[in-house]
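Participant: After the structure tokens below, expect a handful of questions from me.
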Amino acid sequence: MNLSILQNADKSQVKFEPYPYIVIHDALPLDLYKELSKTYVSDDYLKSTLDIEEYENNKRYQVSAKDYFYSDGLWEEFIKYHTSQEFFKEVVELFGEDVIKKYHPSLNKKFPNLMKSPVKIRDKSDTSVAIPLDVQPGINSPVTEESSVIGPHVDNKKEIYAGLLYMRLDEDDSEGGDLEIYRHLDDIPLTEKFDRKARPSLDKLELVDTVPYRKNMFALFINSNVSFHGVTPRQITEHNRRLVNIIAEKK
């Protein structure tokens, strides 16, 4: 069975402005998606693993690949594949090694050939020279007060790419929770040294694209100091916003 989230990706779908990203509708075959959705990480598992009793309003909770391996099952296989060199090569081929290194030139020092670079499951205790990959099933918790889980921002400077697979519940009829892609109106030079906590001024951002929070929707982008994105406010709902974060990092 082909487990790759990129099996329906086409290079022609990649957009390079305001930064490289791709949006894939119906990313996984329906039977595969349904099985993953049916066995999605439970609230009990999240609360137990994260050692919390109750969720806060509209907050991100997730587990990492190293914590979420089943002894067997489809999720284990899905996580193994998306933390493998085979999947990393798919991403490199999709965007292009030259494009990725444009945004992350420091990769040249340790990994002059990304297609042959070693990878590992992200784990702070593992100090081997390899690119850390992670798959993080998680949620944005139910909403008791209408809010956005996070406004326009960029991700951690260590992050090379980030993918979001939405696994919306059929019974979730709430509004909001869409991903927004922004362009900064200033001519910001690319740099690998930036503070992700520094939020951009909203009047300096232009909305370029909106990715609806919809089941089996996947968005993947190259992270950088100009890769601004955010989540639209969610209305009050008892449902979780379910999403799987698929990432690669550099040391």
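The values are calculated or read from the model by the stated rules, or taken from the named source; none is laboratory data. Everything numeric in this text was worked out from a predicted model, so none of it was measured. When we count neighbours, we look across all protein chains shown, and the Cβ atoms used for this are built from the backbone with ideal geometry, even at glycine. To get the accessible areas, we keep the full protein, side chains included, count just its heavy atoms, and leave off ligands, DNA and RNA. Shrake-Rupley method; radii C 1.70, N 1.55, O 1.52, S 1.80 Å.
Participant: Could you list, in sequence order, the residues of region 123-137 that are more than 18 Å from L46 (Cα to Cα), among the aliphatic types (A, V, I, L, M) and open to solvent by less than 20 Å² (accessible area, probe 1.4 Å)? Outline the logic, then answer.
Facilitator: Initial filter on region 123-137 (more than 18 Å from L46 (Cα to Cα)): 123-133.
After this cut, where a residue has to be among the aliphatic types (A, V, I, L, M) as well, the list is 129-131, 133.
Listed by number, the residues that qualify are A130, I131, L133.
Participant: Here's another thing I want to ask about it. Name, by its number, the condition in (1) part of a helix (DSSP H, G or I); (2) modelled with pLDDT of 95 or more; (3) acidic (D, E) that does not hold for E77.
Facilitator: Answer for E77: the failing condition is (2).
Participant: On the given criteria, is R242 in contact (Cβ under 8 Å) with a residue 12 or more places away in the chain, farther than 24 Å from Q7 by Cβ, open to solvent by less than 30 Å² (accessible area, probe 1.4 Å) and basic (K, R)?
Facilitator: no
Table: residues versus (1) assigned to a helix (DSSP H, G or I); (2) at pLDDT 95 or above; (3) open to solvent by 50 Å² or more (accessible area, probe 1.4 Å).
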{"site": "N8", "(1), (2), (3)": "no, no, yes"}
{"site": "A27", "(1), (2), (3)": "no, yes, no"}
{"site": "L32", "(1), (2), (3)": "yes, yes, no"}
{"site": "Y45", "(1), (2), (3)": "yes, no, yes"}
{"site": "N58", "(1), (2), (3)": "no, yes, no"}
{"site": "D72", "(1), (2), (3)": "no, no, yes"}
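Participant: Condition test on K66, is it in a helix (DSSP H, G or I), within 19 Å of D134 (Cα to Cα) and open to solvent by 70 Å² or more (accessible area, probe 1.4 Å)?
Facilitator: For K66, the condition - in a helix (DSSP H, G or I), within 19 Å of D134 (Cα to Cα) and open to solvent by 70 Å² or more (accessible area, probe 1.4 Å) - is met.
Participant: Continuing with the same structure: Report, ordered by the first and then the second residue, all pairs with beta carbons closer than 9 Å, sequence separation of six or more or different chains, a first member in region 178-189 that is within 12 Å of P152 (Cβ to Cβ) and open to solvent by 40 Å² or more (accessible area, probe 1.4 Å), and a second member that is β-branched (V, I, T) and in a loop (DSSP other than H, G, I, E, B).
Facilitator: R183/V226
Participant: Any chance region 118-141 includes a residue that's under 30 Å from E238 (Cβ atoms), of a type in the set (S, T, Y) and at pLDDT 95 or above?
Facilitator: Yes, there is a match, as at least one residue in region 118-141 is under 30 Å from E238 (Cβ atoms), of a type in the set (S, T, Y) and at pLDDT 95 or above.
Participant: Still on this structure, I have one more. Which strands (runs of 3 or more DSSP E) sit wholly inside region 125-211 and have at least 1 residues that are of a type in the set (S, T, N, Q)?
Facilitator: The qualifying strands (runs of 3 or more DSSP E) are 131-140, 205-211.
Participant: A further question on this structure: With respect to N140, determine if the residue is surrounded by fewer than 15 Cβ atoms within 10 Å (Cβ to Cβ) and under 14 Å from the mean Cα position of the chain (by Cα).
Facilitator: no
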